[in-house]
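This report refers to the structure that appears directly beneath it.
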């Protein structure tokens, strides 16, 4: 029972860090700064974990497809920011992403993997844009490799949590609760 409590509370505990994953101006574009960027704010962490949870909810075929769609579209957003494309409400959409994706898991309604990939992809563009806007022209290659790796690892954490949740309850109850907790964490950040 204690394992289930930790699994449910893990997404909520992540909101105790600062809400915005921005490492500040003057970012040097290193691999390490790119890697730390998605890890430095609860908004990004909750959304990335929610993508992994959502991939598990959809079944084994989606476990790679949904995170891959997210990473691919995130890179498009990254390059759009580097090219100077302005995008309004980036931070608000990033915060909303953990709420919406978490709710997809919590509701646990059958959905087309293509539709879910489109939803997470839409949010991914904003996540990528935030990374590119933060970089401000420094070394995009190494920074990009860092944030892609960190994003993929956070997706893997969400997948691991989702698989563990399914094993704990022999069904989707704990997975749905973890999705709800992620959505609640995102809602709390959005309200602050």
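Taken together, the values in this text are just the output of simple stated rules run on the coordinates, not laboratory data. If you're wondering where the values come from, they're calculated on a predicted model, not measured in any experiment. Neighbour counts run over all protein chains shown; Cβ positions are idealised from the backbone, glycine included.
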Conditions (1) closer than 24 Å to residue 73 by Cβ; (2) more than 17 Å from the chain's Cα centre (by Cα); number of the one not met by residue 174: (1)
Return a yes/no flag: does segment 141-151 have any residue that is without any contact (Cβ under 8 Å) to a residue 12 or more places away in the chain and at negative phi. yes
Looking at segment 32-52, I want the residues that are free of Cβ contacts under 8 Å to residues at least 12 places away in the same chain and have a partner that is assigned to a helix (DSSP H, G or I) with Cβ atoms under 6 Å, at least 6 apart or on another chain. Which pairs are those? none
Can you report the number of residues in segment 60-99 which are over 14 Å from residue 123 (Cα atoms), outside any helix (DSSP H, G or I) and free of Cβ contacts under 8 Å to residues at least 24 places away in the same chain? 4
Counted residues in segment 151-192 being surrounded by fewer than 21 Cβ atoms within 10 Å (Cβ to Cβ) and within 21 Å of residue 40 (Cα to Cα) come to 11
Report yes if residue 160 is within 24 Å of residue 35 (Cα to Cα) and either in contact (Cβ under 8 Å) with a residue 40 or more places away in the chain or in contact with a strand residue (DSSP E or B) (Cβ under 7 Å, 6 or more places away or on another chain) (or both), otherwise no. yes
